[in-house]
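The values are calculated or read from the model by the stated rules, or taken from the named source; none is laboratory data. Given the structure is predicted, the values throughout are model-derived calculations rather than measurements. Using ideal geometry, Cβ is built from the backbone for each residue, glycine included, and neighbour counts are taken over all protein chains shown. For accessibility, only protein heavy atoms count, side chains too; no ligands or nucleic acids. Shrake-Rupley method; radii C 1.70, N 1.55, O 1.52, S 1.80 Å.
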Amino acid sequence: MEPRMPVKPQDDQNDELPDRIITSMTDLAGALGRLNDLIAQHLGIAQTDLLCLHVLNRAGACTAGALSSQLGRTTGAVTHMLDRLEKAGYVRRKPDPQDRRRVLVEASTPGLERIASFYDGIDARGRRLMATFSGDQLAAIHTFLLGSYESAAEECDHLTR
């Protein structure tokens with residue numbers, strides 16, 4: 001018997017709902033990966049660069065070492081990436097006000113606005129879709145997404161050990 005991935009690509013009409021949800025999550029991850037790849041191409045940056053900018057957008061200013069940990073990249077690779085992003089105007093380095101020996105990296109507002117414009121369509125469609133759900137349904141979806149994120153982060157931690 002050939003090894004198979006647990007997510008089956010065939011017609012899922014006869015599968016149990018949890019199986020269909022897992023398949024849909026895999027499909028969504030693939031579609032979002034492709035979307036981010038296309039956005040990165042349009043911006044002239046690497047997909048990992050775009051991921052770095054997403055992290056900076058959510059976390060705010062942080063050190064290259066913290067980015068290295070969050071992205072699962074070496075500090076050397078992150079430094080090279082930050083050099084590229086700084087040259088392109090997406091990030092800036094600034095002294096840490098708490099410890100002037102440290103340098104913080106933050107995403108530039110114009111850079112984030114440029115990136116955000118590529119997500120306007122998916123954002124609007126997502127909000128229209130969410131409007132079709134009740135508050136309780138949205139709360140359940142949100143809880144599921146948070147748990148799924150935690151599971152994915154845990155799996156990343158497991159794979160980097």
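Among the candidates Leu146, Leu159, Leu138, the residue that is open to solvent by 80 Å² or more (accessible area, probe 1.4 Å) and at pLDDT 95 or above is uniquely Leu146.
Among the residues making up region 68-92, those that are more than 23 Å from Tyr119 (Cα to Cα) and either open to solvent by less than 60 Å² (accessible area, probe 1.4 Å) or in a helix (DSSP H, G or I) (or both) are Ser68, Ser69, Gly72, Thr75, Gly76, Ala77, Val78, Thr79, His80, Asp83, Lys87. The C-beta contact set for region 143-161 (first residue touching a residue at least 24 places away in the same chain (Cβ under 8 Å), second residue open to solvent by less than 90 Å² (accessible area, probe 1.4 Å) and outside any helix (DSSP H, G or I), distance under 9 angstrom, 6+ apart or interchain) comprises Cys156/Gly72; Thr160/Gly72. All told, Ile115 meets the bar of being open to solvent by less than 40 Å² (accessible area, probe 1.4 Å) and touching a helix residue (DSSP H, G or I) at 6+ places or on another chain (Cβ under 9 Å). Does region 95-106 include one or more residues that are surrounded by 11 or more Cβ atoms within 10 Å (Cβ to Cβ), at pLDDT 95 or above and in a loop (DSSP other than H, G, I, E, B)? No: region 95-106 contains no residue that is surrounded by 11 or more Cβ atoms within 10 Å (Cβ to Cβ), at pLDDT 95 or above and in a loop (DSSP other than H, G, I, E, B). When restricted to residues that are under 25 Å from Asp49 (Cβ atoms), of a type outside the set (Gly, Ala, Ser) and without any contact (Cβ under 8 Å) to a residue 12 or more places away in the chain, region 122-142 contains 1. Beta carbons closer than 7 Å, at least 6 apart along the sequence or on distinct chains, pair a first residue in region 65-79 that is more than 22 Å from Ala152 (Cβ to Cβ) with a second that is open to solvent by less than 50 Å² (accessible area, probe 1.4 Å) and not charged (D, E, K, R) for Thr75/Ala64; Thr75/Gly65; Thr75/Ser68; Thr79/Ala64.
When the residues of region 33-54 are filtered to those that are free of Cβ contacts under 8 Å to residues at least 40 places away in the same chain and more than 11 Å from the chain's Cα centre (by Cα), the one that is surrounded by the fewest Cβ atoms within 10 Å (Cβ to Cβ) is Arg34. Mind checking whether some residue in region 112-121 is over 19 Å from the mean Cα position of the chain (by Cα) and free of Cβ contacts under 8 Å to residues at least 40 places away in the same chain? No: zero hits. The conditions of being in a helix (DSSP H, G or I) and either open to solvent by less than 90 Å² (accessible area, probe 1.4 Å) or closer than 30 Å to Ile22 by Cβ (or both) are met by Gly65. Only one entry of Gly30, Gly60 meets the criterion of being in contact with a strand residue (DSSP E or B) (Cβ under 8 Å, 6 or more places away or on another chain) and open to solvent by less than 60 Å² (accessible area, probe 1.4 Å), and that entry is Gly60.
For region 55-72, taking the residues that are under 12 Å from the mean Cα position of the chain (by Cα) and not aliphatic (A, V, I, L, M), the one that is nearest to Lys94 (Cα to Cα) is identified as Asn57.
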